[in-house]
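The block underneath contains the structure these notes are about, expressed in structure tokens.
The values are calculated or read from the model by the stated rules, or taken from the named source; none is laboratory data. If you're wondering where the values come from, they're calculated on a predicted model, not measured in any experiment. Virtual Cβ from ideal backbone geometry, glycine too; neighbours counted across all protein chains shown. Remember, those area values only see protein heavy atoms, side chains included, never the ligands or the DNA or RNA. Shrake-Rupley method; radii C 1.70, N 1.55, O 1.52, S 1.80 Å.
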Amino acid sequence: MDQNQSIPGSNELIKYISKYINLTEDETNAILKDLDIRFYKKGDILIKEGEVPELCYFIFKGCVRQYFNKDGEERTTEFYTEGQPIAVFQGTNVNKKSSFYLSCLEDCVMSVGPIVTQDTAIDPKFINLCKTAAEDELCRTQETLAMYRLTNPEERYLELIKTKPELIERVPQYFLASYLGIKPESLSRIRKRLTKKA
């Protein structure tokens, strides 16, 4: 266990799981012992549009961008950083192809596992954990979508500063602009305007 606890971010995974279920010491040890830790380089693609997802991820270190390719233009829809899971929602169709890409914006260290289905041979309480966590992520996505429909670009930028301030320094401006639904030059104007107000 001492060796596994030295894995950067492993405690974050246990903390995340513990939000949903109470882990015994044996279960905690088993999870840490069986972690599949993988290292990815900046620019690595985790999944492409048209591929059938087979893995889910938990980020120990790094940043991953989710984006769609719309008429040859990349449109960023999410960023994932330390302590966050990346789950691909397939519903009941386990062979459903991905409609988006996942790309590493930085060198990443992640725990990787198979996508859990009702037929997966694991403890039922972990099946319920996966379902509840997926529902939470889906609710979070819906709240973000609603917020983006009800706010203007400046309000969305201020919300980003409030909820994910680390992204401002870590993510290139053209990706942030895409995420906010604006052009990079519009984001520059918003930043200048806010700087003058400060």
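Got a number for residues in region 160-192 being of a type in the set (Asp, Glu) and either touching a residue at least 60 places away in the same chain (Cβ under 8 Å) or more than 26 Å from Asp107 (Cα to Cα) (or both)? Count: 2. Here Ser10, Ser6 are screened, and the one residue that is touching a strand residue (DSSP E or B) at 6+ places or on another chain (Cβ under 8 Å), at pLDDT below 85 and either open to solvent by 40 Å² or more (accessible area, probe 1.4 Å) or polar (S, T, N, Q) (or both) is Ser10. Taking (1) open to solvent by 40 Å² or more (accessible area, probe 1.4 Å); (2) at pLDDT 70 or above in turn, Cys108 satisfies each apart from (1).
Any idea which of (1) touching a residue at least 60 places away in the same chain (Cβ under 8 Å); (2) in a strand (DSSP E or B) is the one Glu82 doesn't satisfy? Condition not satisfied by Glu82: (2). The residues of region 16-55 that are open to solvent by less than 70 Å² (accessible area, probe 1.4 Å), under 23 Å from Val171 (Cβ atoms) and assigned to a loop (DSSP other than H, G, I, E, B), listed by number, are Gly43, Asp44.
Considering only region 74-96, I want to know if a residue exists there that is modelled with pLDDT of 85 or more and over 19 Å from Leu167 (Cα atoms). There is no residue in region 74-96 that is modelled with pLDDT of 85 or more and over 19 Å from Leu167 (Cα atoms). Residues of region 146-174 that are part of a helix (DSSP H, G or I), over 28 Å from Lys61 (Cβ atoms) and open to solvent by 50 Å² or more (accessible area, probe 1.4 Å): Arg149, Leu150, Glu155.
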